[in-house]
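Remarks on the structure that follows.
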Amino acid sequence: MPETELVKVHLKVKRFDPERDRKPYWQEFDVEMEESDRVLDALHAAKWYHDGTLSFRRSCAHGVCGSDAMVINGENALACMLLIRKAGLDITIEPIRGLPVIKDLVVDMEPFFEQYRSVMPYLVNTDDPGYTERLQSAEDRARFDDTTKCILCAACTTSCPIYWGNESYVGPAAIVNAHRFIFDSRDQAAGERLEILNQRSGVFRCRTAFNCTNACPRDIKVTEAIEEVKRAILYGRV
Ligand code: SF4
Ligand code: F3S
Ligand code: FES
């Protein structure tokens, strides 16, 4: 069997430990990888064989848990989903923007989850379901199918220029998760959610920049979902 060819990958990683460093700085690593490896593998190589103090989050390594969103070559992406073949041999990695850095590539996600919680991201239905399940037609289910795919990675919200300038903006991820329930025929709290999203920090802060849609690793039509929520506020849920 032919040996797998290794390529030299040069990583430039933005590092910052607020407890020790006065300001962020760049650290560079040379690692040998296969082109079919992911950027996450290159970060592991840097941490395991060069500097164990390098910090980043990851869990599933397969695009499911949403924990390794970072700015790779200037764009938000999941490190576990981006192949070296696509990222190239010179890779720059920074933490996602708009959230406080805890250490290196690890950011404090709490402000993001606070916005998420503010839109009631759960099914509300006070009717007694009796002995049956809450049934729904395939057509009604399809109405919010796209927004069920969210893995809460924050790549959308932290790529939004409105969010960078105003952290009180609820952000695209929270709107996506509100959309998932607003358009669910079994839910009874759409009015409440639309009222929340009609506030100053809500959906009309969005200026259709589309960064969120481009950043989403799940290919959710984020901007379209936001526009649907805007229309539901203006003209009623459809
Ligand atoms: Fe991540 Fe996409 Fe969900 Fe935004 S909408 S949090 S980018 S999965
Ligand atoms: Fe921001 Fe996306 Fe709107 S990037 S401005 S939330 S379309
Ligand atoms: Fe889970 Fe990348 S490590 S999405």
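Structure data summary
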quantity	calculated
Max mean-square fluctuation residue, GNM over the chain, Cα-Cα springs under 10 Å, options Glu75, Glu133, Glu19	Glu133
Set Lys14/Lys86; Lys8/Lys47; Lys14/Lys221; Lys103/Lys221; Lys23/Lys86; Lys47/Lys103 screened for pairs whose C-alpha atoms are more than 23 Å apart	Lys14/Lys221; Lys103/Lys221; Lys23/Lys86
Inter-centroid distance (Cα atoms) of the stretch 24-88 relative to the stretch 154-202, Å	29
In the stretch 127-204, the chymotrypsin sites (Phe, Trp or Tyr not before Pro) that fall in loop regions by DSSP, at most 11 other Cβ within 10 Å	Tyr131
Of all DSSP beta bridges in the chain, antiparallel share, percent nearest 5	80
Most to least accessible of Lys47, Lys221, Lys230 (protein chains only, probe 1.4 Å)	Lys221, Lys47, Lys230
Share of carbon and sulfur in the accessible heavy-atom surface of the chain [1.4 Å probe, %]	48
Helical segments meeting 18 Å axial Cα length and Kyte-Doolittle -0.5 threshold in the chain (DSSP H)	222-235
Cα pair count fraction exceeding 18 Å, expressed as % - the stretch 78-204	62
Partner aspartates and glutamates for Lys149 [C-alpha distance under 19 Å; skip if fewer than 8 residues away on the same chain]	Asp68, Glu139, Asp140, Asp184, Asp187, Asp219, Glu224, Glu227, Glu228
Per-residue [θ]222 nm for the chain (sum of -39500 (n - 2.57) over DSSP H runs n ≥ 4, rounded to 500)	-8000 deg cm²/dmol
Efficiency of FRET from Cβ geometry, Arg231 and Arg141, R₀ 22 Å, rounded to 0.05	0.60
Proximal charge balance of His10 [Cβ under 13 Å; K/R count +1, D/E count -1]	-2
Potential lengthening between Glu114 and Thr208 on full extension [0.36 nm per residue; Cα-Cα distance subtracted]	31.6 nm
Accessible surface, the stretch 119-201, averaged per residue in Å² (probe 1.4 Å)	50
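The values are calculated or read from the model by the stated rules, or taken from the named source; none is laboratory data. Since the structure is predicted, the reported quantities are computational estimates derived from the model, not experimental observations. Every residue, glycine among them, receives a Cβ derived from its backbone with ideal geometry; neighbour counts consider all protein chains shown. SASA here: full protein model, heavy atoms, side chains in, ligands and nucleic acids out. Shrake-Rupley method; radii C 1.70, N 1.55, O 1.52, S 1.80 Å.
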